[in-house]
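Worksheet: the structure to be examined is printed underneath.
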């Protein structure tokens, strides 16, 4: 899930969309904070927390591992009924469907065969 970088004035704690606006606000220093792209909740300096804020977990029915909804393994569960960790075998048709579904949901090209899920 995408998150948005925001800028917080260190003096008055106001959140700005633009770094220059935050610098002009009260002058001292500016802190980078991260906002969940879905709900808008601020997560301070944790980009990972902002990206995973509204993410739902998908459980593999075969091995009970949990994956984030935007992980390619969760797309393999949707298409093939199992994750690549417990069963790395997919038909060519399943591979294409999994990779296409992942691209549609995340905008990134990833191969299910490369691992890293």
Answer label, with Rg and Dmax of the Cα atoms in Å calculated from the coordinates and candidates (i) 19.0, 59; (ii) 13.4, 43; (iii) 15.8, 50
(i)
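Over the stretch 57-114, calculate the relative contact order: mean separation of alpha carbon pairs under 8 Å at least 6 apart, over the residue count, as a percent. Walk me through the intermediate numbers first.
Values: 73 pairs, mean separation 16.4, N = 58.
Over the stretch 57-114, the number comes to 28 percent.
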Relative contact order, percent, of the chain when contacts are C-alpha pairs under 8 Å separated by at least 6 residues?
16
In the stretch 1-68, how does Rg compare with the Kirkwood Rh, expressed as the Rg/Rh ratio over alpha carbon atoms?
1.21
Measuring from label point to label point, each 7 Å out along Cα→Cβ, what is the residue 4 to residue 100 span in nm?
3.3
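Give me the number: length gained by fully extending residue 19 to residue 66, i.e. 0.36 nm times residue separation minus the C-alpha to C-alpha distance, one decimal in nm.
Gain on extension, residue 19 to residue 66, equals 13.2 nm.
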Long-range tail of P(r) for the stretch 57-114 (Cα pairs > 14 Å, %):
45
What 222 nm value per residue comes from the helices of the chain, counting each DSSP H run with n ≥ 4 as -39,500 (n - 2.57) and dividing by all residues, nearest 500 deg cm²/dmol?
-9500 deg cm²/dmol
Length gained if residue 27 through residue 93 is fully extended, taking 0.36 nm per residue and subtracting the Cα-Cα distance, is 18.1 nm
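Read the figures in this text as sums done on the coordinates, not as results from a lab. Please read all numbers here as calculations on a predicted model, not as lab measurements. Backbone-built Cβ (ideal geometry, glycine too); neighbour counts: all protein chains shown.
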